[in-house]
Amino acid sequence: MSDDARQTHAAPAPSGENGAPGGHGPRGPGWVPTWPATVGLVVTLVASVGFAVSFIRDASTQWLGGFLAAALLGIGLALAYWGRDLAGDEVISGPYPVPHEDAEGRAALGDALDQSVQVITRRHFLTKMLVFAGGVFVLSQVVLLGALGPRPKNSLRTTSWRAGSRLVTFDGVPVTRDTLAAGTFLVAFPEGHLDSADSQITLLRIGADPHFKTLAGRESWSPEGYVAYSRVCTHAGCPVAQYEDQAKVLVCPCHQSTFDLMNGAQPVAGPAGRPLPQLPLAIDAQGNLTAQSDFTVPVGPGFWDEG
Amino acid sequence: MSEHRLKTSLGRAFGAAPTPARRAARWLDRNLGGSSILREELRHIFPDSWAFFLGEIALYCFIVLVATGIFLALFFHASQAVVIYHGSYHPLSGVPMSDAYSSVLDLSWNVRAGLLIRQVHHWAALVFVAALIIHLMRMFFTGAYRRPRRINWLIGLSLLLLVGFNGLMGYSLPDDLLSGTGLRIAFSITESIPFIGPTMATVLFGGDFPTTGIIARIYPVHIFLLPAAIAGLLGAHLGLLWLQRHTEFPGPGRDDRTMVGSPMVPQYALRTTGYFLLLAGVITAFGAWLQINPVWLYGPFRATDATTSAQPDWYMGWLEGAVRMFPGWDIQIGGFLLPAIFWPAVVLPGLIFTPLFLWPWLDSLALRDNRFVNVLQYPSQRPGRMAVGAGFFTFLTVLLVGGGDDVFASAFGWSLPVLLRALQILVIVLPPLVAALTYAIARRRSERWLVS
Ligand code: HEM
Ligand code: FES
């Protein structure tokens, strides 16, 4: 773009009497007072000192940040105001660059590239080898991804529960047949695996509640009215932590999936699609609650080869 | 040529004394050359409109993020080694936690100005994404994406994706209960992808969730990889803008070949520097007075602790809403399982962003109009586009509301299942309704336009 192509619609005005903003003389058209910019800069001056002092005196975040904000706002206001004042000074216009106007250049470029390609691909065999070797090289680098982590193997399918694992509470205290009264619940783990994310269960004592439905094949899983469900949400894996006593449901705090404890922990509301897996329980000779085995299906959110 | 003779000849050529500016110009020319090009560029034309400030807000947020991020990086420990906390926040005294979480507690309670910088960093991220989205809406509704700016539309959208993703990485770093829950859900979403999902999840996370190396893994992504990509794309975005120049709204003396505005130096440069400082000031004020992400209240992440009403940062709200609202349709196919979360969390984002990326081409195909343009359109000039846009953003807004459905339900005393069902209906019914209404209104306005 050349200078001749531009036109200045309004000539730059002589600069104002008092220096800084105000480029139109004291009372001319478009005259703007200079004091707001001055005030802004004074604010910056004071606030900068305030910032340093409050840092040294270890003042609160509110003071420190307040001063810093004021310092930035003051000078920002001054510049924006000043620039706005100047904006009216000069309006210029000019041409937009026009793409694809250069048909000749484009043709020449195309020819040149075409020639280069021909020079290179004249060696047919070499060209093919280049593409082949280059491709294999790039693909070979994919193995580096393997350094990032293991393939899933069985970790998504199994938990730390084994036949005979004793149930313990958060504090590691074994759960016995007398731990819970009917209608109450607690969170339990396999002994030796406290805090194991995928093994956490909700243990509930139903007692002899007539509304409780024992599912086919699970007749022996709930001795003396104890039932245990995985506490890992089948939606996206959050701990299903809220127990609603009245409705006898568990609610997940993440997306509010709701599981019916009276009916195999089937999802009754929210986005989960599968029930919470049930852990088969037993009571050993000492009266401790134990697992009959690991869960019979994978716990937690679904994955492709789970089915 | 001797120094002295050069000076006098320069002085003669410009008929002026060697001021500091003139000396600087001389230094530049002798060391770098290109004086006449620079001279030209000082007069680069910037059209005067508030609408062009939206993209600048985004740029300035990035600057604030890098500046505050460097400060944070000096104190943050990307390690999940277990430590016992003994810092100034007494309620957590003696609690075992990761080194990462403990270092964020120290940043917030023991490092001077640490909490301020942390909160400014977080607020800048929230404002960044908001600015990008409003900027995108401006581009969309005024037709700024048309040729020759289609490539810049692609770059802008990529920026939105990268920035949102980097925000997600950022708030996963402190290893508090909320961020751990977010990572948990991210793992589950990855796992849900057919065929490659489970392997992808364990490879990316370094094992089955929860792993002990994930913070160390996302740290370089958050502070280096993505910021570098964002800086590169920003450079390309602004470079193209510089070459093609801003669009302009219709007005006297303006057409597709001629633009009108202020010269960059001094008018525009002064103003935009002022705007940058104003924005930095406003975000700093947010950081000073509006608490954000008080991680000490959430406690350290433990896979067995549950959050209460967990909420992601606002720009993830639409995804959260989709995940909450989509029904639990887990599909068994032969020996395989397609989990329900795959649809809202993987397919839906694809369905949202693919047409957005293709929009400039779809638009020119639909109108059979491929001219290159520089003058913008007013939104109602194109009733069809306005309807599509209004429907689209209505859809996203309903999803966003869905992301906080539990909060709304308890705040207004509504039943959550009823609200959820209402939202599930609204998300399907409302967008076409809003689109139709918008079309009718825009149509009438554009007819009036044509008459006058
Ligand atoms: C696109 C740019 C960026 C976005 C959107 C972003 C966003 C975020 C967010 C939302 C957090 C959580 C803050 C919190 O604890 O409440 C965070 C943390 C952090 N960011 Fe960034 N960030 C960006 C760039 C950077 C850069 C360039 C650096 C370093 C050079 C950085 C360093 C950090 C560090 C060290 C933390 C962890 C400390 C903490 O959580 O308090 N960030 N980021
Ligand atoms: S993780 Fe439980 S409802 Fe989503």
Residues in region B:349-370: is at least one surrounded by fewer than 16 Cβ atoms within 10 Å (Cβ to Cβ) and within 12 Å of chain A (Cβ to nearest Cβ)?
yes
Per the list (1) crowded, with 22+ Cβ neighbours inside 10 Å; (2) more than 7 Å from every other protein chain (Cβ to nearest Cβ); (3) over 20 Å from A:GLY273 (Cβ atoms), residue check on B:ALA345 breaks on (3)
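Residue by residue, here is whether (1) within 15 Å of ligand 2 (Cβ to nearest atom); (2) under 22 Å from A:SER196 (Cα atoms); (3) basic (Lys, Arg); (4) buried (at least 24 other Cβ atoms within 10 Å of the Cβ) holds:
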residue: A:GLU224; (1), (2), (3), (4): no, no, no, no
residue: A:VAL232; (1), (2), (3), (4): yes, yes, no, yes
residue: A:ALA236; (1), (2), (3), (4): yes, yes, no, yes
residue: A:GLN242; (1), (2), (3), (4): yes, yes, no, no
residue: A:GLN246; (1), (2), (3), (4): no, no, no, no
residue: A:GLN256; (1), (2), (3), (4): yes, no, no, no
residue: A:PRO275; (1), (2), (3), (4): yes, yes, no, no
Just to be sure I understand the filter: pairs with C-beta atoms under 8 Å, separated by 6 or more residues or on different chains, first member in region B:114-139 and under 27 Å from B:SER102 (Cα atoms), second member of a type in the set (Asp, Glu) and within 8 Å of ligand 1 (Cβ to nearest atom). Which pairs pass?
B:ALA125/B:ASP313; B:LEU126/B:ASP313
Considering only strands (runs of 3 or more DSSP E) fully contained in region B:230-342, which possess at least 1 residues that are touching a Phe, Trp or Tyr at 6+ places or on another chain (Cβ under 8 Å)?
B:258-263, B:336-338
Just need a number here: residues in region A:241-257 that are of a type in the set (Val, Ile, Thr) and either within 8 Å of another protein chain (Cβ to nearest Cβ) or within 16 Å of ligand 1 (Cβ to nearest atom) (or both).
0
Can you confirm whether A:ASP111 is more than 14 Å from every other protein chain (Cβ to nearest Cβ) and either part of a helix (DSSP H, G or I) or in contact with a strand residue (DSSP E or B) (Cβ under 9 Å, 6 or more places away or on another chain) (or both)?
yes
Contact list please: Cβ distance under 6 Å, first residue in region A:49-61 and modelled with pLDDT of 95 or more, second residue of a type in the set (Phe, Trp, Tyr), pairs at least six apart or on different chains.
A:GLY50/A:PHE67; A:PHE51/A:PHE67; A:SER54/A:TRP63; A:SER54/A:PHE67
Report, ordered by the first and then the second residue, all pairs with beta carbons closer than 9 Å, sequence separation of six or more or different chains, a first member in region B:235-247 that is touching a residue at least 60 places away in the same chain (Cβ under 8 Å), and a second member that is loosely packed, with under 12 Cβ neighbours inside 10 Å.
B:GLN244/A:PRO99
So which of B:LEU297, B:LEU290, B:LEU319 ends up being within 21 Å of A:PHE303 (Cβ to Cβ) and within 16 Å of ligand 1 (Cβ to nearest atom)?
B:LEU319
Filter region B:197-216 for residues that are among the hydrophobic types (A, V, I, L, M, F, W, C) and either touching a helix residue (DSSP H, G or I) at 6+ places or on another chain (Cβ under 8 Å) or within 16 Å of ligand 2 (Cβ to nearest atom) (or both) and give the result.
B:MET200, B:ALA201, B:VAL203, B:LEU204, B:PHE205, B:PHE209, B:ILE214, B:ILE215
If I ask for residues that are within 15 Å of A:HIS255 (Cα to Cα) and either within 16 Å of ligand 1 (Cβ to nearest atom) or among the β-branched types (Val, Ile, Thr) (or both), which ones from region A:268-291 would you list?
A:VAL268
Being under 20 Å from A:ALA182 (Cα atoms) and either within 13 Å of ligand 2 (Cβ to nearest atom) or in the same structural domain as A:PHE189 (by TED's automatic domain parsing) (or both) is true for just one of A:ALA269, A:ALA285, A:ALA265. Which residue is that?
A:ALA265
If a residue must be facing chain A (nearest Cβ under 7 Å), closer than 15 Å to B:LEU59 by Cα and in contact (Cβ under 8 Å) with a residue 40 or more places away in the chain, how many such residues does region B:248-275 contain?
1
Take B:LEU42 and decide whether it is among the hydrophobic types (A, V, I, L, M, F, W, C) and modelled with pLDDT under 95.
yes
Across region A:272-296, the tally of residues that are more than 10 Å from A:THR234 (Cβ to Cβ) and either outside any loop (DSSP other than H, G, I, E, B) or within 14 Å of another protein chain (Cβ to nearest Cβ) (or both) stands at 9
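So that you can scan it fast, the table gives a plain yes or no per residue for (1) within 15 Å of ligand 1 (Cβ to nearest atom); (2) outside any helix (DSSP H, G or I):
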| site | (1), (2) |
| --- | --- |
| B:ILE117 | yes, no |
| B:ALA124 | yes, no |
| B:VAL127 | yes, no |
| B:LEU132 | yes, no |
| B:ARG146 | no, yes |
| B:ILE151 | no, no |
| B:LEU154 | no, no |
| B:LEU161 | yes, no |
| B:LEU168 | yes, no |
Residues being within 13 Å of chain B (Cβ to nearest Cβ), among the hydroxyl-bearing types (Ser, Thr, Tyr) and surrounded by fewer than 21 Cβ atoms within 10 Å (Cβ to Cβ): count how many of those fall in region A:167-204.
2
Here is a list: B:LEU161, B:LEU204. Which entry is surrounded by fewer than 22 Cβ atoms within 10 Å (Cβ to Cβ), assigned by TED's automatic domain parsing to the domain that holds B:HIS122 and over 17 Å from the mean Cα position of the chain (by Cα)?
B:LEU204
Applying the selection to region A:202-243, what residues are in contact (Cβ under 8 Å) with a residue 12 or more places away in the chain and among the small types (Gly, Ala, Ser)?
A:GLY207, A:ALA208, A:SER220, A:SER222, A:GLY225, A:ALA228, A:SER230, A:ALA236, A:GLY237, A:ALA241
Here is a list: A:VAL240, A:VAL232. Which entry is aliphatic (A, V, I, L, M) and touching a helix residue (DSSP H, G or I) at 6+ places or on another chain (Cβ under 9 Å)?
A:VAL232
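Every residue in region B:306-336 that is more than 24 Å from the chain's Cα centre (by Cα), over 20 Å from B:LEU426 (Cα atoms), within 16 Å of ligand 2 (Cβ to nearest atom) and surrounded by 14 or more Cβ atoms within 10 Å (Cβ to Cβ), please.
Passing the criteria: B:ALA306, B:THR307, B:ASP330.
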Considering every residue within region B:174-191, establish whether at least one is in a loop (DSSP other than H, G, I, E, B) and within 11 Å of ligand 1 (Cβ to nearest atom).
yes
For a quick check of your reading of the model, give me the residue pairs whose first member lies in region A:163-189 and is of a type in the set (D, E, K, R), whose second is part of a loop (DSSP other than H, G, I, E, B), with beta-carbon atoms closer than 8 Å and at least 6 apart or on different chains.
A:ARG166/A:VAL175; A:ARG166/A:GLU191; A:ARG166/A:ASP284; A:ARG177/A:GLY287; A:ASP178/A:GLY287
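The values are calculated or read from the model by the stated rules, or taken from the named source; none is laboratory data. What you see is a predicted model; the values in this text were computed from it and never measured. No Cβ is skipped: glycine too gets one built from the backbone with ideal geometry, and neighbour counts run over all protein chains shown.
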